[in-house]
Structure formats: C-alpha cells, structure tokens
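Engineer: This is the structure I want to talk about, given as structure tokens.
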Amino acid sequence: MDHGPSVHGGVGSHEMGGAVSLVETWGAVVFIGWAVVMWAAVVVLAFANRGPVRPWLFRTAVVLIGLGVIGQVGHFQEHVAQAGYWVANPYAPAWMTPWGDGLARGMGQVDPAKPALGMEILHLTGNFVFLAGLVGIVQITRRATGHLKSRKWGRMGVWMQGLHGLEHVVLTVSVALGASRAVGLSTWFGAIDPGPALVTYRVWWHFVANLIGTAILAVAVYHLWRERRAVRAGYEEGREGDGGGPGRPARGGAAPGAVWVRGGAPVSSPSGR
C-alpha cells in the first residue's frame, strides 16, 4: 500500500497531518494483535504436531487458515484499488483507501518523525498475516499420508510469500533506520528518483506479487477442500496409520503384528505372539 510523496519525497511516504483518531489507533492495535495471535498459533501448531494428536489441533489450523484468507482478501483489495487508481491517474501520487490510510496513521504513531513508517508497518503486518495463513495449510496437512496437492501448493505459497515478506522487512527496517526512502527490490534499492516512475514501479510490483500469491492461496484452499477427508483422517485417534501412529506424522513402519495405541508406541498384538 503505497502512498503519495511527503517531506521525504518518496513513494510510500505517509503524511501524519492532524491528530490521529482513537479509531485509527485501536484499529492499528487490533490489526497488529491479529498478526501476533496468528504467529503464536503457528508456533503452537508446529510444536504440537510433533506429538500425538490433540482434539484442538485441527480446529486451530482451520481457524488460522480462515484468518489468513480473510486478511489476504482485505490486503489484496487494497492493491487492486491502488492499481485501479493508477490506471485512472498514472501521473498522480500513489493512493490508499480511507481504511488503509487510517491504519497507517495509527501505526505511524510509533515514530511521527518518519512519515512513511506507518504505511510500511501496515504492509509488513498484512503480508505476515497472509504468510501465517499459508503456513496453516502446510501444518494442517502435515499428518495426512500420501501426496496432497493442497500441501504442495501450500508449501509453494510459503516460499513465495516468505520472499515477499522478507522484502517488506527490508523496506520497513530501512525506513525505521532513517533512510530518506524505502530500500528494497520494489524501489530498486532507492535508485529510482521519487515521482511517477517510482510510483508506477512500486504499485505494479506489489500488485503482481500479491496477484500471484493470492492465486496460489486460492488453489491451495481449493485442493484442501477437495482433500478435506484425507486431511481430517490424519487427526482421528485410534486410526492405524502406515507407521505414523494415530494422528502422528508418518515416520516409518512398525514391526509386523504391532498396533498403535494412544500413547503412540507400537505394542505386539495378541495374534502376533
């Protein structure tokens, strides 16, 4: 979400004119909290999925994916709106929706002396909400055996969005450290002078990146829905897997005649004596 020139004269700068409203402040707090909660869930799922199945694991992953999808719908519409505004006004400063502008103003309070910082933090937060949702797809398919298209597309999305997220880390850190303009691939590392050329390059760079990422997410969710029974089966306790135990990620075969019990350890069956 790139904004018009400010005192720094760079694309993506955000003018903190006037007092920031309480709604803008709380909106920024809620959105950042949204991202923090999602990444806390990612960490919990990553560790919990190493052990035996728990009833809440599947539901938590579903909620994580849902929040990621909702967040990316809002994020992508901002880029669509910006691209549409550019088509109508190719030589004008970049534009933000009123709600995007309000969130950027709220986040910009962290350092009002850096007008572009709020917008960069907003962009960084939105991209990491998106990334957490993609990680959720990888996590929810972790216990399922066999080849899953949803897992393949989810991993593809994590790699693609991970690189995009890294770009936003660099952009945000450069502004936070006092750079006169954001430094990153989408600004050609600060080599493009402020003006229509920089606005055009950055607006379309991020639009295309989000278009590709959103398409990958849509395909992953589509396949996840089609493969939902196989994914859900991996969370059913008491299911005899191919060596992964009841709801455990597959790790190798058990001895002949062995069955898996709730604790996850193989024991000999009566018929195997």
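What follows is calculated from the coordinates using simple rules that are stated; it is not laboratory data. Note that the structure is a prediction, hence the values are computed from the model and not measured. Glycine also receives a Cβ, built like all others from the backbone with ideal geometry; neighbour counts cover every protein chain displayed.
Engineer: Per the Cauchy relation, a quarter of the hull surface: what is the mean projected area of the convex hull of the alpha carbons in segment 22-236, in nm²?
Structural biologist: On the way: hull surface 49.9 nm².
Projected over every direction and averaged, the Cα hull of segment 22-236 covers 12.5 nm².
Engineer: If I model a spin label at Met156 and Tyr201 as a point 7 Å from the Cα along the Cα→Cβ vector, what separation in nanometres do I get?
Structural biologist: 2.9 nm
Engineer: Give me the one-decimal nm value for the distance between modelled label points at Val80 and Lys149, 7 Å along each residue's Cα-to-Cβ direction.
Structural biologist: 2.3 nm
Engineer: Another question about this same structure. With a 10 Å radius around each residue's Cβ, average the other Cβ atoms per peptide and rank 107-115, 133-141, highest first. Provide the component values of the computation, followed by the final result.
Structural biologist: Values: 107-115: 17.6, 133-141: 25.9.
So the order, starting with the most tightly packed, is 133-141, 107-115.
Engineer: May I ask you to evaluate 6.51 cos²θ - 1.76 cosθ + 1.60, the Karplus curve with θ = phi - 60°, for each residue of segment 48-55 and list the ³J(HN,Hα) values in order in whole Hz, giving x for glycine and proline?
Structural biologist: Residue by residue, segment 48-55 yields 5, 5, 7, x, x, 5, 10, x Hz.
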